[in-house]
Structure formats: structure tokens, C-alpha cells
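K.L.:
Below are the C-alpha cells for one structure; questions will follow.
The values are calculated or read from the model by the stated rules, or taken from the named source; none is laboratory data. Predicted, not measured: the structure shown is a model, and the values here were computed from it. Heads up, the Cβs are rebuilt from the backbone with ideal geometry, glycines too, and the neighbour counts pull from every protein chain shown.
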Amino acid sequence: MWRLKAVRHRSSVSVKDLEEFKQKRREHEKVLRQARRDRQLVSKRLLLNEEEQEKDLMEINSTPLSQDQIREMLHNVQHGGQEKAAHLAMLRKALRDPQTHPVFTKLENSMYVLVGQLSGYNAQRQLEAVRCLNELSNSPHPGVGQSCLSATPYLLTYLSSPSAKLTELCLYTLGNLWPEGAVVKEKLLVQGIVPALANCVQNQRCNLAVMEAAGFTLSQLLQDKDAGDRVIPMVLTSGLVPHLISLLTPDPEFGMGAAIECAWCLHYIVSRTADASTLISEGLLSQCSNLLITLGGAVAEGRINDGMELLIWPLLRCLGNMLASGVCEAAGCSAGVEDVRLLAALCVFSQTYLTSHCALSRESLWVLNNLTAGSPVFCSAVLFLKIVPALLQLLPFSNGINTMVLRILGNVAYNGPGYCIQLKEAGLLSVLCATLKMADPDIVTLSLEVLHLLIANSPQVAEEFIRLDGTTTFMHTKWSLVTLVSGVTPFSADSPVDKHFPRRDVSMMQLEAPLRLCHNCLLYFKFSQRLLSLSATHRSPASYYDVLGVKPDASVDEIKNAFFDKSRKLHPDSDPSNPGLHSQFVKLNEAYRVLSKEGTRKEYDLQMRYHNFDQSFRPSSRYAYDPSAAETTENVRYWEQFRNAQDYSEEDLQKKRKKNLRLVGYCIVAMLLSIGAHYFGFRKLEVLHNDFMDKKDSVITKIYNESKERARVNGFKKQQEILRQKHAEFLERYNIRQNGKEK
């Protein structure tokens with residue numbers, strides 16, 4: 001007799017298989033997200049010819065061409081004689097429709113025909129053939145661009161062509177082909193696209209249209225994620241950088257197109273180059289500074305052109321990244337008159353583009369932060385040019401703007417008492433009182449750091465802050481002390497620098513527990529006493545360190561030895577006549593249990609810090625540590641809101657109880673009314689549905705009876721003839737052949 005060992009209709013999936021499935025799904029989703037981001041970063045351009053292209057757009061047929069029609073066009077191009085250029089123009093119009101691209105590439109010898117026209121001697125045919133390739137390179141269909149690889153040697157060769165139009169078309173086509181995949185990139189690099197671009201820029205430097213196209217193609221190469229390994233070293237050794245720097249100045253007649261493309265190319269190079277000293281020595285820093293000053297003056301006068309922010313953006317990033325690299329001083333960059341005017345230009349950018357381009361405003365402040373970090377000259381210029389009031393107006397704005405402003409103010413305050421007094425006179429203290437009450441912990445932390453610098457450097461600032469009722473502000477932010485004392489990570493000079501955001505310099509912003517230090521400074525000036533600190537002398541006499549008789553910074557071995565020594569003296573068996581030894585020994589044992597473990601000891605120290613801080617505002621408050629609760633900082637913050645409970649009289653309790661009962665009664669009545677309404681509604685809906693179904697049933701029954709009677713009257717043969725006639729009408733109506741395929 002057989003026995004079923006497993007239930008086959010149930011899938012017994014183990015936990016391990018489920019985790020593997022989830023991991024595979026996460027990896028698949030990660031790949032999809034990365035592919036989506038890569039597609040969004042792909043930029044392609046189609047070179048249009050104004051009047052001629054408008055006529056072409058009018059002549060394009062709305063319906064896509066068939067494979068036979070495209071094959072006929074290719075035949076005309078190949079055997080058209082003197083009319084080949086006209087046939088190529090017609091083919092280009094047909095390729096304007098993206099639906100024809102896969103059809104064209106799948107035809108045999110289609111690319112061979114275009115390459116054959118490129119290799120000829122007729123300039124007009126070459127131009128039309130490159131236009132066809134430009135249409136194909138702009139295709140949204142994957143794989144179409146790779147089919148153009150056979151034409152890339154000719155495209156690179158024609159970059160040295162005397163025809164500016166042909167060179168421009170070849171550049172845009174190569175730029176469109178670069179993002180098509182690793183195979184295309186590898187082949188273009190092997191074929192020498194970087195030296196060809198360098199030669200083209202050197203020969204066609206006076207033609208700004210060609211320079212804009214060359215900048216676009218070069219930016220396609222440089223913004224690739226693997227450009228730092230191969231492309232950027234080749235660009236630096238090819239001599240392209242000086243030409244790009246010289247093209248940064250916009251031409252008043254041509255526009256800013258070439259300057260924008262070259263600026264973005266330089267930004268990609270600077271952001272991925274470890275040593276920017278070569279770029280600075282070639283004049284990139286001074287050129288960016290001068291151009292930003294010029295653009296800042298134009299923006300201040302209201303002469304804002306369309307697309308000006310596209311030029312300001314890469315210039316700001318180039319300047320900020322070079323300042324963040326730390327090689328400006330080594331390269332001999334000094335602060336001159338023009339450099340000081342750069343501060344005003346950055347302030348103008350941050351205010352003008354605050355609403356239209358918030359990120360541009362933030363990056364302007366980022367560059368201003370990098371300029372003032374460790375530079376007394378620029379910090380003095382900030383005060384001399386009266387930029388501080390304009391910066392204070394930006395503090396209410398989020399998205400990183402207020403963070404940058406606070407860092408700039410901290411850089412200025414670091415330079416000494418004179419700077420702090422001028423910041424106080426500019427109205428910084430009243431603004432800090434407002435920022436200390438914000439919900440963002442980063443803003444509160446930076447505000448405390450700036451406030452500490454002000455109070456530590458100038459007694460006048462402390463007195464002014466007390467006059468502004470600063471202690472009330474500290475009461476509002478006292479819980480920030482718990483977080484800061486336990487979790488402040490000092491800014492380190494060895495920490496990685498994100499070149500798109502300002503680095504935190506150890507000499508400018510390295511503080512430990514800033515709220516505690518600010519509070520101590522204030523108490524010194526308010527009560528004329530010595531500075532308060534969180535030392536052991538201010539702890540409760542009944543603290544666990546006092547019970548064991550050790551210092552707060554004692555090691556684990558010292559705590560253990562102290563416990564053994566005291567346990568011999570306080571053990572109840574040592575003196576049975578003394579009943580108080582039992583309670584003392586229990587406290588000793590509890591103190592050792594807490595302080596002997598690293599986790600519970602840190603938690604106890606945190607509780608004691610909070611207790612000392614809270615006592616500075618409420619000297620009469622009492623504090624006792626309950627180790628059994630083991631509350632974390634979050635729990636303490638949560639239970640603090642219930643500390644001051646309101647006392648109710650008996651009459652108030654009766655009124656509150658009646659009010660609550662009345663509210664519960666209203667809720668019950670509302671629930672009953674809702675249930676009744678739903679019941680009657682569903683009953684009514686059921687009746688309506690039954691009536692509707694009865695009517696439909698009667699109609700269907702009537703139709704069935706009529707059909708049955710008609711079939712009986714017609715007979716079998718006539719009924720078959722009617723069915724054949726209906727079938728033929730159906731086929732004719734929907735254009736269906738007899739074999740089932742559409743016509």
C-alpha cells in the first residue's frame with residue numbers, strides 16, 4: 001500500500017528561497033533604475049536647416065513608408081545618375097519619421113549605399129548622406145545607432161573638411177552616436193575621435209557654429225561615467241583645454257551657444273581631475289572669475305538673456321571645484337580687486353535666481369562659502385561690501401540655501417572679535433534666535449556653532465544675546481544638547497570632499513557640544529560666575545561614580561577594583577549589627593552593574609548630562625536614575641512632555657467625564673445611523689438590480705424565440721445560405737483573406 005509523502009498541489013517555499021527571490025528582484029529593479037537614469041542623461045541633437053527644414057516638415061507624409069518604398073528610394077540613390085542628390089534629399093525626408101529607421105537598417109546594403117555616397121567626390125551628395133546619418137543617429141530605437149558604425153571613419157575624416165556645414169553635421173552625428181553603447185564608444189576611441197576633435201577645434205576656431213558642435217560632441221564624451229579613466233587624460237594631453245578656455249567669452253552676434261558647451265566641457269574635466277593645478281596655471285580660474293563678474297554686472301542691470309543661467313551654472317561649478325581642490329594657494333592665486341568684486345556677483349546670482357532657479361542660487365552661495373573659508377581677505381570684503389544683510393534675508397529659504405548662508409557667516413565669525421562685532425551690528429543675533437527654533441536639526445546645529453563663535457570671541461555679543469532673551473531660546477532647544485553631546489561628529493580634514501557641495505573645513509567648523517558651550521558663556525556673563533561645565537563636581541552626590549568612589553573617566557579595571565574594595569567593607573556579613581549595610585551594598589552592586597558595561601555606562605552618562613543641563617534652568621528640580629527603565633534619549637524626550645501634568649478638581653473631573661461620555665454617545669449614534677443608511681441603501685440597490693435583470697432576461701428570451709421560429713420557417717438549407725452570406729459580408733467589411741491573414 002503506497003503512502004503520499006508530499007502534498008504536490010502546494011508549493012513548499014522555504015525562507016531561504018524567498019530571500020533569494022527578493023534579492024534577485026531588488027537587483028533587477030536596481031538595474032532598471034540605472035538604465036532609466038542612463039536614458040535620461042542621453043542627449044541627442046538634430047541639426048535643422050531653418051527654411052529648408054520647415055518645407056521638409058510640411059512635405060512629410062503622415063503615414064510611414066513601407067519597406068518596398070524605402071527599397072525603391074535606395075535603388076534610385078544607387079542608380080540615379082545626376083539625380084542622386086535629389087534622391088538622397090527624398091530619403092532624408094523619409095528618415096525624418098522615426099518609424100522608418102528600423103525598416104531602413106534592416107534592408108540589405110542600406111548603410112552600404114550611404115557609405116558609398118560619403119566616399120564619393122560630390123560635395124552635395126556627401127552633405128545629403130551625412131544628413132541622412134544625422135537623422136539615423138537621432139533615432140529613439142536601440143540598435144539603429146550601432147548600424148552607423150561603418151560610416152564613422154568617414155565622419156572623423158570629414159572633421160578636417162573645408163566645408164563648415166559638413167563638419168558641423170559630422171560633429172553632431174558623432175555626438176549622437178557616442179551614447180549608443182560600449183561597442184560604439186570603444187570603436188570611436190580606437191579610431192581617434194579625441195585627436196580629430198582637437199584638430200577640428202584648432203582649424204575651425206573662428207567658426208562658432210562648428211565650435212558649438214565640437215563642444216557638444218566633446219561634452220558627450222566627457223560626461224560618460226567612465227570618462228575619468230580614458231577620455232579625460234586624452235583630452236588633457238591633446239591641447240584642447242586652452243582652446244576651450246579661450247571660447248568661454250560669449251559672442252554678441254552669434255550668442256552664447258559655443259561658450260555654454262565649452263563651459264560644460266571644462267566643468268566635466270575639473271570635477272573629475274584630482275590635480276587642478278594644470279588647469280589653474282592655464283588661466284581657467286581667472287577666466288571664470290572675470291566672466292562671472294561680467295555676467296553678474298549684466299544681471300544686476302537687468303540685462304538677463306535667455307539661457308544665461310546655462311552659462312553661469314558650469315562656470316560656478318568650475319570655480320567652486322577648483323577652490324575645493326585646495327591647490328589655489330599653491331598655484332599663486334591671490335585675492336585682487338576683481339576677485340573681491342566676485343563676491344558681489346555671487347550675491348546677485350543668489351538673489352536673482354532664488355525663485356526661478358533655486359539650485360543655481362544654492363551653488364552661488366556654495367562658491368561664496370569656498371571663497372570665504374580660511375580667507376580673511378574675502379571675509380573682510382563680505383563685511384565691507386555689506387553683503388551680510390543680503391545673506392540674512394536668505395535664511396528663511398530651505399533647500400540648502402540657509403545652510404550655506406550659516407556656513408558663510410561661520411567662516412566670517414571665525415576670524416576674530418572684530419568680525420563678530422560687525423556681524424552683531426548687522427543684526428545676526430536676532431536672526432539666530434529665529435533659526436534656533438527651526439525644526440531642521442542641521443540648521444539648529446550650524447546656528448549653535450555660529451553663536452558659539454560669536455559669544456566666545458566677544459563679550460558684547462553675549463550681553464546682546466542675553467538682552468534679546470536668549471535663555472528662552474535655549475529652553476526651546478535644550479533637547480538639541482542631548483543629541484549634540486552624544487552624537488556630534490567633528491568635521492575632519494581627512495573626510496571625503498564632495499566637489500558639488502562645500503567641504504567642511506576642520507579649522508572653520510570644528511566644535512564639540514556647541515549648545516553647552518554657548519550656555520556656559522551666557523551664564524558667565526549673566527551671573528558673573530565661573531564657566532559651568534559638565535565635570536564630576538556638578539554631578540549628583542548620589543551618582544554611581546560617587547558610590548564606587550571613582551572618577552567619571554575611570555577605566556573598567558579601576559571600576560572593578562573599586563567595587564571589590566567597597567564590597568568587602570559594605571557586605572552585610574561584615575557587620576551583622578549594622579542594618580544600613582544592606583541598602584548600601586545594593587546601591588554598590590547596582591552601580592557596578594551599570595558602569596561595568598559599556599552600553600549601560602554610555603546611557604547613564606547621557607542621562608547625567610541631561611540632568612545637569614536641566615538643573616541649570618531649574619535648580620530646584622530633582623533627578624534620580626532608574627537603571628531598570630534603561631530609557632534612551634528618544635524615550636526621555638517623549639516622556640518629558642507628560643512631566644507637568646495638570647491637576648483637576650473633583651468638579652472638573654465630573655465635567656470632563658460627562659463630556660467624554662457625551663462624545664462617545666454621539667459616536668455611537670453616528671455609527672448606528674451609518675449602518676442603517678447602508679442597510680436601506682443596499683436593499684434598494686438589490687431591488688433595482690433584480691428589476692434590471694428581469695427586463696434583460698425578457699428581452700433575451702424574446703430574441704431567442706424569434707430566432708428559433710425564423711430558423712424553423714426558413715429550413716436548414718436556406719439557413720446555411722444566410723450564414724454563408726453573413727460570413728462573406730464580415731470578411732469583406734474587415735478586409736480579411738480566406739486564410740485568416742489581413743490584406
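K.L.:
Taking G215, is it more than 19 Å from V190 (Cα to Cα), in the same structural domain as Q191 (by TED's automatic domain parsing) and touching a residue at least 12 places away in the same chain (Cβ under 8 Å)?
P.N.:
yes
K.L.:
Right, next: Given the structure, is A263 part of a loop (DSSP other than H, G, I, E, B), surrounded by 15 or more Cβ atoms within 10 Å (Cβ to Cβ) and free of Cβ contacts under 8 Å to residues at least 60 places away in the same chain?
P.N.:
no
Matching residues to (1) modelled with pLDDT of 90 or more; (2) closer than 12 Å to L343 by Cα; (3) of a type in the set (D, E, K, R); (4) in a loop (DSSP other than H, G, I, E, B):
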| site | (1), (2), (3), (4) |
| --- | --- |
| L368 | yes, yes, no, no |
| P396 | no, no, no, yes |
| V405 | yes, no, no, no |
| N415 | no, no, no, yes |
| S430 | no, no, no, no |
| C433 | no, no, no, no |
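K.L.:
Also: Can you confirm whether C132 is farther than 18 Å from A89 by Cβ, touching a residue at least 24 places away in the same chain (Cβ under 8 Å) and not acidic (D, E)?
P.N.:
No, not satisfied.
K.L.:
Looking only at residues that are assigned to a loop (DSSP other than H, G, I, E, B) and within 17 Å of T294 (Cα to Cα) in the stretch 335-366, which one is modelled with the lowest pLDDT?
P.N.:
G336
K.L.:
Consider G332 carefully, then state whether it is surrounded by fewer than 20 Cβ atoms within 10 Å (Cβ to Cβ), modelled with pLDDT under 85, over 21 Å from the mean Cα position of the chain (by Cα) and small (G, A, S).
P.N.:
Working: surrounded by fewer than 20 Cβ atoms within 10 Å (Cβ to Cβ): yes; modelled with pLDDT under 85: yes; over 21 Å from the mean Cα position of the chain (by Cα): yes; small (G, A, S): yes.
Yes, satisfied.
K.L.:
Can you pull out every residue in the stretch 153-190 that is surrounded by fewer than 17 Cβ atoms within 10 Å (Cβ to Cβ), under 18 Å from M234 (Cα atoms) and touching a helix residue (DSSP H, G or I) at 6+ places or on another chain (Cβ under 8 Å)?
P.N.:
Within the stretch 153-190, K187, L189 qualify.
K.L.:
From (1) part of a helix (DSSP H, G or I); (2) in contact (Cβ under 8 Å) with a residue 12 or more places away in the chain, pick out the condition that doesn't hold for T294.
P.N.:
That leaves (2) as the condition not met.
K.L.:
Being among the aliphatic types (A, V, I, L, M) and under 41 Å from the mean Cα position of the chain (by Cα) is the filter here; which residues of the stretch 95-109 pass it?
P.N.:
The answer is L95, V103.
K.L.:
Could I ask something else about it? Answer yes or no as to whether L284 is closer than 18 Å to L365 by Cα and touching a helix residue (DSSP H, G or I) at 6+ places or on another chain (Cβ under 8 Å).
P.N.:
no
K.L.:
On to the next question. Check whether at least one residue in the stretch 109-116 is surrounded by fewer than 15 Cβ atoms within 10 Å (Cβ to Cβ), among the hydrophobic types (A, V, I, L, M, F, W, C), over 20 Å from N176 (Cα atoms) and not assigned by TED's automatic domain parsing to the domain that holds A164, and report yes or no.
P.N.:
Scanning the stretch 109-116 turns up no residue that is surrounded by fewer than 15 Cβ atoms within 10 Å (Cβ to Cβ), among the hydrophobic types (A, V, I, L, M, F, W, C), over 20 Å from N176 (Cα atoms) and not assigned by TED's automatic domain parsing to the domain that holds A164.
K.L.:
Scan the stretch 173-196 and give yes if some residue there is touching a residue at least 60 places away in the same chain (Cβ under 8 Å), assigned to a helix (DSSP H, G or I) and either basic (K, R) or under 22 Å from F254 (Cα atoms) (or both), otherwise no.
P.N.:
The initial filter retains those residues of the stretch 173-196 that are touching a residue at least 60 places away in the same chain (Cβ under 8 Å), namely 175-176, 179.
Narrowing further to those that are assigned to a helix (DSSP H, G or I): 175-176, 179.
Narrowing the set further to residues that are either basic (K, R) or under 22 Å from F254 (Cα atoms) (or both) leaves 175.
There is at least one residue in the stretch 173-196 that is touching a residue at least 60 places away in the same chain (Cβ under 8 Å), assigned to a helix (DSSP H, G or I) and either basic (K, R) or under 22 Å from F254 (Cα atoms) (or both).
K.L.:
Kindly evaluate V377 against the criterion of being buried (at least 21 other Cβ atoms within 10 Å of the Cβ), among the hydrophobic types (A, V, I, L, M, F, W, C) and modelled with pLDDT of 85 or more.
P.N.:
no
K.L.:
Turning to a different aspect of this structure: Looking at the structure I just gave you, is C288 within 28 Å of K187 (Cβ to Cβ) and buried (at least 23 other Cβ atoms within 10 Å of the Cβ)? Working first, answer last.
P.N.:
Details: within 28 Å of K187 (Cβ to Cβ): no; buried (at least 23 other Cβ atoms within 10 Å of the Cβ): yes.
No; evaluated as a whole, the condition is false for this residue.
K.L.:
Tally time: how many residues in the stretch 576-630 are assigned to a loop (DSSP other than H, G, I, E, B) and at pLDDT 70 or above? Quick ask: steps written out before the conclusion?
P.N.:
Just the residues of the stretch 576-630 that are assigned to a loop (DSSP other than H, G, I, E, B), to begin with: 576-579, 596-597, 618-630.
Now drop any that are not at pLDDT 70 or above, which leaves 576-579, 596-597.
Final tally of qualifying residues: 6.
K.L.:
Which one of these is among the β-branched types (V, I, T), buried (at least 18 other Cβ atoms within 10 Å of the Cβ), free of Cβ contacts under 8 Å to residues at least 40 places away in the same chain and in contact with a helix residue (DSSP H, G or I) (Cβ under 8 Å, 6 or more places away or on another chain): V405, V382?
P.N.:
Selected residue: V382, the only one of V405, V382 that is among the β-branched types (V, I, T), buried (at least 18 other Cβ atoms within 10 Å of the Cβ), free of Cβ contacts under 8 Å to residues at least 40 places away in the same chain and in contact with a helix residue (DSSP H, G or I) (Cβ under 8 Å, 6 or more places away or on another chain).
K.L.:
Determine whether V388 is surrounded by 18 or more Cβ atoms within 10 Å (Cβ to Cβ) and over 29 Å from the mean Cα position of the chain (by Cα).
P.N.:
No.
K.L.:
Being buried (at least 16 other Cβ atoms within 10 Å of the Cβ) and either touching a helix residue (DSSP H, G or I) at 6+ places or on another chain (Cβ under 9 Å) or at pLDDT 90 or above (or both) narrows it down to one residue among S219, S246; which is it? Write out each step before concluding.
P.N.:
Values: S246 fails: buried (at least 16 other Cβ atoms within 10 Å of the Cβ).
Selected residue: S219, the only one of S219, S246 that is buried (at least 16 other Cβ atoms within 10 Å of the Cβ) and either touching a helix residue (DSSP H, G or I) at 6+ places or on another chain (Cβ under 9 Å) or at pLDDT 90 or above (or both).
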